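Worksheet: the structure to be examined is printed underneath.
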There are 2 protein chains.
Amino acid sequence: MQNYIENLCKKAKKASQIQLSEKNINAVLEAVANSIERNKNQIIEENRKDIEASNLSKALIDRLTLNEKRIESIIESLNTIKNLKSPVGEVIKGWKLKNDLEIEKVRVPIGTIAIIYEARPNVTVDAFALCFKSSNACVLRGGKEAFNTNKYLSTLIRDTLETFNINPDFLTFIDKTDREAINHLIKMDKYIDLLIPRGGESLITHISYNATVPVIQHYKGLCHLYIDESANIDMAIEIANNAKVQRPSVCNAIETLLVHKNIAKSYLPLLAKKFESIIELRGCEETLKILPYVKKATQKDWQTEYLDYILSVKIVNNIDEAIEHINQYGSRHSEAIVTQNYANTETFLNKVDAACVYVNASTRFSDGGEFGFGAEIGISTSKLHARGPMALEELTTYKYKIRGNGQIRQ
Amino acid sequence: MQNYIENLCKKAKKASQIQLSEKNINAVLEAVANSIERNKNQIIEENRKDIEASNLSKALIDRLTLNEKRIESIIESLNTIKNLKSPVGEVIKGWKLKNDLEIEKVRVPIGTIAIIYEARPNVTVDAFALCFKSSNACVLRGGKEAFNTNKYLSTLIRDTLETFNINPDFLTFIDKTDREAINHLIKMDKYIDLLIPRGGESLITHISYNATVPVIQHYKGLCHLYIDESANIDMAIEIANNAKVQRPSVCNAIETLLVHKNIAKSYLPLLAKKFESIIELRGCEETLKILPYVKKATQKDWQTEYLDYILSVKIVNNIDEAIEHINQYGSRHSEAIVTQNYANTETFLNKVDAACVYVNASTRFSDGGEFGFGAEIGISTSKLHARGPMALEELTTYKYKIRGNGQIRQ
């Protein structure tokens, strides 16, 4: 198995050293979009095989499913990425030293990027498109739940590359879905420059602790919404509803609601009514005094990314307690406050340690597409290199080009 | 031991959460400079203890030594860092979405940064100053060779912090010099956000393979100078001399010289004369035909960072062979070409995979101070987050602050 994985990574590394023009890259992306459009029935067929073989919760089936609408959005995303400007070659900064040395800080591709992901098959296309547009080769290892869909999409892309006489290893698909394949892949630092694991807690922890390849985690989204004392109650209802209900299976949905004690009595009954028969609430003791029929939250609830129609609720004495709770339990992903108090917005924005911190808006906006990046390869919960939604720019590094005329150091 | 290290890291993390004004930070840096000036005799005395106890090569003794001149340069560096603008709070980008959400990408400190280094005691002060100026706490673990010097300098800094009523754990000094201390430190991902190891190959490899804290390597500098067919010979002599002889113990000095076959006969004898009785040359077979008295280079020579008065020499058939050799053996640090051919400059700048790529200049300029960064915490040979000389900006990450007025996702 090790040889098998090593050989695939070696081939990907070789592909990554090929320099393609942006015109060529765009032509490939367009052809991939056409190929997906042409073969959409077969994609849905492969996806149906995966869904039938799976034994997942409703929320996870939602992640796995590709229907016509979602395929259209994959194609749309390909076109958007094609139309973005490649960041490669951008001069980030340039300056001249007193000795006339000219220094340019120039964006270059990272090289070979391995992405380990779970049930969402659109990642296969998005990840390839973003890596390819930024002149990187990608090594994809999707979850077994989506194996047929991922395999078929990868084949469409590799076939397209070949019609352009481009090395198809720009997309290397790892067709082994057991944990052993991952254990070898994460040690391939000789060939892989960056590892992006997306998925559940145990997978990411396992990878982070054992990888020799540098890792940018796409860890869980344990996101909070804090309803401040001064919040507009209608807005607080709408934002909570959007952040929890619109798509609970995704990482930027909220899992815990923090409510200031002075607004809880007026706010929580209205929210409970809105959520009736949709969301299961689990409350702290103070919450239970207002909503006595609600299940009691345990310590474990504060640590849980439900990815489901469940929300834990905690009443806090002040904003500092809310921030403390978030910095203790949050996954540094997306956090929001609803407030009309200016000082509290600044406190929240500065003191909450997370990639995306919102005032009076839904956490659901944490997304490369929504941010205007065209698409995203995921949302980094790491602090280094890239934080929050990652797209083209985050898939590059830089080098310094220094031009002289004989300068030596004194 | 584990508890001891964990306790130190926990305290450092706590210090890192304190938000200080830049005015306060600058006052501390100024006071540290004054304290070093006031206590320079004692610093030299402590350094003498280290030198006497050590059993190092001439080049390594040079790294370890602090004399009046080097102390002056530490103080100068402190003043320079003080006068730099802190990058924290900088709005890197800002934009407004169609739905009126305002997104700001803002620079924030990384948090707690651990630096593992070897014999150079100025790192103690530089690392603290750069971390502190960018609002990070640092955890320092220097080599045993410089223990007395490092310990004394750390005490001066911690005492200064205390006179300002600032938590002295902004500089946490690990006073255990055995490998076990490192083995615990690199697993403290709960408290340490970034690990910067500087040093020899075995140390860095050990750390990279075992750390759970994200690592930016400051790996060896196996740097090359390529003398192209079209090089100006005088310039090629001066640059080779500067890049090898000026300070062979540092990472941006060259270890291997690559020479185009068509210039070798006129160039190498002149260089050999210049290097006579200073530098030991080790040549490939073709080199030996021109310089028959030179020792033969083995495969091992191409892989060796001598850090000493030794240079390996290889004659190549063309620029592609030179680039291939560099990309195979180089440590992605600093690489240079001497040429008068325009196309070759572009080929070299684009195809050599290194943090700093030079045309007609000495590799010795790879340095935060020379680049105009004020100082440096080291030179990253990693590709992620930061590459090449690292200073203030490279010690920050970012967060997105998003301000809305009730936006929910459609």
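The values are calculated or read from the model by the stated rules, or taken from the named source; none is laboratory data. Just so we're clear, the structure is a prediction, and the values are computed from it rather than from any experiment. Note that each Cβ is placed from the backbone with ideal geometry, even for glycine, and that neighbours are counted across all protein chains shown. Just the protein is used for accessible areas: all its heavy atoms, side chains included, with ligands, DNA and RNA removed. Shrake-Rupley method; radii C 1.70, N 1.55, O 1.52, S 1.80 Å.
The rotation axis taking chain A to chain B passes closest to this chain A residue's Cβ, listed with the gap in Å: A:H385, 2. Per-residue Karplus couplings for the range B:362-371, computed as 6.51 cos²θ - 1.76 cosθ + 1.60 with θ equal to phi - 60°, are listed in order as 6, 5, 4, 7, 6, 5, x, x, 4, 6 Hz, Gly and Pro entered as x. Across identical copies of the chain, B:E346 has label-point separations of 5.2 nm, listed in ascending order, with the point defined 7 angstrom from Cα along Cα→Cβ. Accessible surface of A:C284, taken over heavy atoms with a 1.4 Å probe and every protein chain present, rounds to 20 Å². In nanometers and ordered shortest first, the copy-to-copy spacing of the B:E201 label point, defined 7 Å from Cα toward Cβ, is 4.2. Expressed in units of 2.2 N^0.38 Å, where N is the residue count, the Cα radius of gyration of the range B:223-369 is 0.92. For the range B:1-119, the gyration tensor built on C-alpha atoms gives a prolate shape. Its axis ratio a/c (a ≥ b ≥ c) is at least 1.5, and a/b is the larger of a/b and b/c. A:N344 sits among other residues whose Cβ lies under 11 Å from its own Cβ, and their net charge, with Lys and Arg +1 and Asp and Glu -1, is -3. Normalised by 2.2 N^0.38 Å, where N counts its residues, the alpha-carbon radius of gyration of the range A:156-246 equals 1.69.
Here the relative contact order of chain B, from alpha carbon pairs under 8 Å that lie six or more residues apart, stands at 18 percent.
For the protein assembly as shown, what does the convex hull of the Cα positions come to per residue, in cubic angstrom? Numbers along the way, then the final one.
Numbers: hull volume 132.1 nm³, N = 820.
Measuring per residue, one finds 161 Å³ for the Cα hull of the protein assembly as shown.
Between B:P292, B:P248, B:P197, the Gaussian network model of chain B with springs among Cα atoms under 10 angstrom shows the greatest mean-square fluctuation at B:P292. Note on the range A:60-120: Kirkwood hydrodynamic radius from all Cα pairs is 15.8 Å, rounded to one decimal. For the protein assembly as shown, the Cys residues with no second cysteine's beta carbon closer than 4.7 Å are A:C9, A:C223, A:C251, A:C284, A:C356, B:C9, B:C223, B:C251, B:C284, B:C356. Karplus-derived 3J(HN,Hα) values for the range A:152-167, using 6.51 cos²θ - 1.76 cosθ + 1.60 with θ = phi - 60°, are 5, 4, 4, 5, 4, 5, 4, 4, 4, 4, 5, 5, 9, 6, 9, 3 Hz; glycine and proline are entered as x.
May I ask you to give the solvent-accessible area per residue for chain A, in square angstrom, as obtained with a 1.4 angstrom probe?
About 39 Å² of surface per residue is accessible.
Of B:E229, B:E52, which has the most accessible area and how do the rest follow, probe 1.4 Å? Spell out each step's value before the answer.
Details: B:E229 95, B:E52 140 Å².
Descending order: B:E52, B:E229.
Accessible surface buried at the B:A interface totals approximately 5700 Å², computed with a 1.4 Å probe on protein heavy atoms.
Of the residues B:H385, B:H260, ranked by 1.4 Å probe accessible area with the largest first, the sequence reads B:H385, B:H260. Each copy carries B:E72; placing its label point 7 Å along the C-beta direction from Cα gives inter-copy distances of 7.4 nm, listed from smallest up.
Distances between every pair of Cα atoms in chain A, grouped in 20 Å steps from 0 to the bin holding the largest one, split as 26, 50, 22, 2 percent. Annotation: amide H-H contacts under 5 Å for B:E280 (H modelled 1.01 Å from N, sequence separation of 5 or more, or interchain): B:I310, B:L311. Against the main long axis of the alpha-carbon atoms of chain B, helix B:2-16 sits at an angle near 70°. Given an 8 Å cut-off on Cα distances and at least 6 residues of separation, report the relative contact order of the range B:295-384 as a percent. Averaging sequence separation for qualifying contacts and normalising by length gives 23 percent for the range B:295-384.
Taken one residue at a time, the phi angles of the range A:273-280 give Karplus couplings (6.51, -1.76, 1.60, θ = phi - 60°) of 5, 4, 8, 3, 6, 10, 10, 8 Hz. Gly and Pro are set to x.
Note on the range A:54-209: Cα-only Rg and Dmax are 18.2, 67 Å. The radius of gyration of the Cα set in the range A:293-379, together with its Dmax, comes out at 14.4, 44 angstrom. Report the net charge of residues surrounding B:A129, where surrounding means a beta-carbon distance below 12 angstrom and charges are Lys +1, Arg +1, Asp -1, Glu -1. Net of charged neighbours comes to -2. For the residue pairs A:K58/B:K105; B:K58/B:K144; B:K11/B:K144, the C-alpha atoms sit more than 25 angstrom apart in A:K58/B:K105. Here the sum of -39500 (n - 2.57) over DSSP H runs of 4 or more residues, divided by the residues of the protein assembly as shown, equals -13000 deg cm²/dmol at 222 nm, to the nearest 500.
Can you flag which of A:K14/B:K295; B:K69/B:K220; A:K190/B:K351 are past 24 Å Cα-Cα? Over 24 Å Cα-Cα: A:K14/B:K295; B:K69/B:K220.
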